[in-house]
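Reading through the C-alpha cells given below for one structure.
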Amino acid sequence: MKHSLTLISIRRALAVPAAFLILSLIVAASAGAQAPDFSKVAIKTTKIADNFSTLEGQGGMIGVLSGADGILMVDTQYAPLTDKIVAAIKQISPSPIRFVINTHVHPDHTGGNANFGKLGATIFARDELRGRLISPAPGANGQPGTPAPEIALPVVTFENKITFHLDGETVDAIPIRKAHTDGDTMVYFHNTDVIMTGDFYRSIGYPNIDRVNGGSLDGMIAGLAQVAALAGPNTKIIPGHGPTVDRNAVVAHRDMILGVRDEVAKLIQQGKTAEETIAAHPTAAFDAKIPPANPAGDRMADRFVGQVYAELKQPK
Ligand SMILES: [Zn+2]
C-alpha cells in the first residue's frame, strides 16, 4: 500500500524543488506494507540529558545530540514525518542538523534520509546499508525493492568504529556484524552514558532477524553481548523500538534468545517441520516477560521462531 501524501503538502512543508519531491515520494512508497496515517502522528520529545533527547513518532527511535556545534541525529524515521521531526528538533536547538547516523537500512529508520540530506545533513552508515539502499532486497511479495535516490544515501561509510567529537560529547558509531541486518550500527554517547542499539535489540516483542537483509541469529547474540560488555550499571540503553532499559534487561534478552534457540533445536532434532515448530510454541516459557510489540498485542513470537528454525536448519 502506498502512502497517500500530496505533493502540495510536502512542498509546503519543505519548500524544495519538485524533482526532489518525487524522490521523496519514492522513498515514502518503499516504507512498507502497513503504511500508517502519518498526518495523525505526533512527535514526542524526551529529554535524557541537557544535550541529548529522543524523538518518538512512527517507526524507529530517533536520538538528537544538540549544542553549539550542531545537531547529530541517529535515524530519520519515515519521509512524510520529516517536517514534524525538524520542528521538534528546532524546539530543542536552533543549531543546524549536521550529521545523521543510520542504525540499519529499514525504512522506518532511513525513510527520512533524502529529506535530511537535502537539508544539508551528512549521512553516515555501514557500507552494507548503503549497498542495500541502492539495491534493496525484494519485498515479502517478491516485488523488487525501489532503489533510494542518491540524496538519501550515506555520504560517509565505515567498516570499523568511528568517533564524532562535538557538543562536548564523544560519540562512537560501532558496527554490529550480521545481527538484525548485515549493516547494523550501535551508537554510544560517552558522557550521557547512552547506547542506541537500532533494532538488533528491542524492548518490546521478540527479536526480528531479517535474514533477507543479512541478519543472523549468531550475530544478534554477539551484538547483545557487545552491548552488555560496553554498558555499565547506569547506562541507558535505548532500543530501536520500546522503552529505555538497563544492562540487565539486555542480558536477560540474550538469555531468552539462547533459551528459545535451545527449544527450537530440540524440536528440529525430533524431526518437526517449521510449521510444527511454530505450533509447538517454544517461546511459551518467556512470553510473560515479553511486552507486546504492537497495539494489537502481538509479541511476534511466530516470526521469531520461524527465523530461528531457518537459521538452525541451514547448512553450516
Ligand atoms: Zn529494523
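The values are calculated or read from the model by the stated rules, or taken from the named source; none is laboratory data. Everything numeric in this text was worked out from a predicted model, so none of it was measured. Ideal geometry is used to build each Cβ from the backbone, glycine not excepted, and the neighbour counts take in all protein chains shown. Accessible surface is based on the protein model in full, side chains and every heavy atom, while ligands, DNA and RNA are left aside. Shrake-Rupley method; radii C 1.70, N 1.55, O 1.52, S 1.80 Å.
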### Query
Round to a whole number: what % of the accessible area of segment 7-245 belongs to carbon and sulfur, probe 1.4 Å?
55 percent
### Förster-model FRET efficiency, 22 Å R0, residue 141 and residue 313, C-beta, rounded to 0.05
0.40
### Query
Using r as the Cβ-Cβ distance of residue 163 and residue 42, and R0 as 30 Å, what FRET efficiency do you calculate, to the nearest 0.05?
0.35
### Task
May I ask for the distance between the Cα centers of segment 112-167 and segment 177-199, given as a whole number of Å?
16 Å
### Query
When the chain is modelled as a GNM with alpha-carbon springs shorter than 10 Å, which of 153, 267, 217 fluctuates the most?
267
### Task
Round to the nearest 10 and report in Å² the accessible area of residue 146, as given by a 1.4 Å probe over the protein chains' heavy atoms.
70 Å²
## Note on the structure
By the C-alpha gyration tensor axes a ≥ b ≥ c (rounded if a/c is under 1.5, else prolate when a/b exceeds b/c, else oblate), the shape of segment 135-244 is oblate
### Query
Using +1 on the beta carbon of Lys and Arg, -1 on that of Asp and Glu, and nothing else charged, what's the dipole of the chain about the Cα centre, debye to 20?
420 debye
### Query
Under a no-solvent Debye model with one identical scatterer per Cα of segment 245-316, what's log10 I(q)/I(0) at q = 0.11, 0.20 Å⁻¹?
-0.28, -0.85
### Nearest-ten-degree value, helix 82-92 long axis tilted from longest Cα axis of the chain
80 degrees
### Query
Relative to the longest principal Cα axis of the chain, at what angle does helix 247-269 sit, 0 to 90 degrees, rounded to 10?
40 degrees
### Query
Which ³J(HN,Hα) values in Hz, rounded to whole numbers, follow from the phi angles of segment 301-315 under the Karplus curve 6.51 cos²θ - 1.76 cosθ + 1.60, where θ = phi - 60° and Gly and Pro get x?
5, 5, 4, 5, 4, x, 5, 5, 4, 4, 5, 6, 7, 5, x
### Summary
Charge dipole of segment 7-245 built from unit charges on the beta carbon (Lys, Arg +1; Asp, Glu -1), centred at mean Cα; most positive-end Cα among 171, 188, 58 is 58
### Solvent-accessible area per residue, Å², over segment 7-245 with all protein chains present [probe radius 1.4 Å]
38 Å²
### Task
Name the shape class, rounded, prolate or oblate, that the alpha-carbon gyration tensor gives for segment 7-245, where a ≥ b ≥ c are the square roots of its eigenvalues, rounded holds for a/c under 1.5, and otherwise prolate holds if a/b is larger than b/c and oblate otherwise.
oblate
### Query
Can you list the lysines whose alpha carbon is less than 25 Å from that of residue 316, not counting same-chain residues fewer than 8 positions off?
178, 266, 272
### Task
Describe numerically, in nm with one decimal, the distance between label points set 7 Å from Cα along Cα→Cβ at residue 49 and at residue 155.
2.6 nm
### Query
Against the longest alpha carbon principal axis of the chain, how many degrees, from 0 to 90 and to the nearest 10, is the axis of helix 18-29 turned?
20 degrees
